[in-house]
């Protein structure tokens, strides 16, 4: 069985520990270190969980907050239930009706007097 490694992203927590509440406060601090990003880009990285990270960005964050990458990224082995993305559906998919050939069923529009 193959292990699946995931991670927790703690940038928001580290920002809060340093008294930084707004993501826009991070933009000029990054620019001072040569990492130019828009406030929207910074917001997405702070509140989301980035799939990829630029090493200059990571080094700038570590310099700004006086931390190490392990303070920002916490890896862990995901369990089988955490591996796939959740779609919000429950149960198994129902097979198509016989004879439908995987085509959607045509909708029927009825008037108000045709209940």
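Annotations for the structure displayed:
- Ranking of 70, 39 by neighbouring Cβ atoms within 10 Å, starting from the fewest: 70, 39.
- Remark: the residue 25-residue 39 segment gains 4.2 nm on full extension, using 0.36 nm per residue and subtracting the alpha carbon distance.
- Per-residue Cβ neighbour counts within 10 Å put 13, 3 in the sequence 3, 13, beginning with the fewest.
- Histogram of C-alpha separations across the stretch 9-82, 10 Å bin width, %: 18, 56, 19, 7, 0
- The stretch between residue 13 and residue 47 holds 11.2 nm of extra length on full extension. This uses 0.36 nm per residue minus the Cα-Cα distance.
- A simple spin-label model places the labels of residue 112 and residue 78 5.1 nm from each other, with each point 7 Å out along Cα-to-Cβ.
Every number in this text was worked out from the coordinates using simple rules, so none of it is lab data. Just so it is clear, the structure is predicted and the values come from calculations on it, not from any experiment. Reconstructed Cβ throughout: ideal geometry from the backbone, glycine too, with neighbour counts over all protein chains shown.
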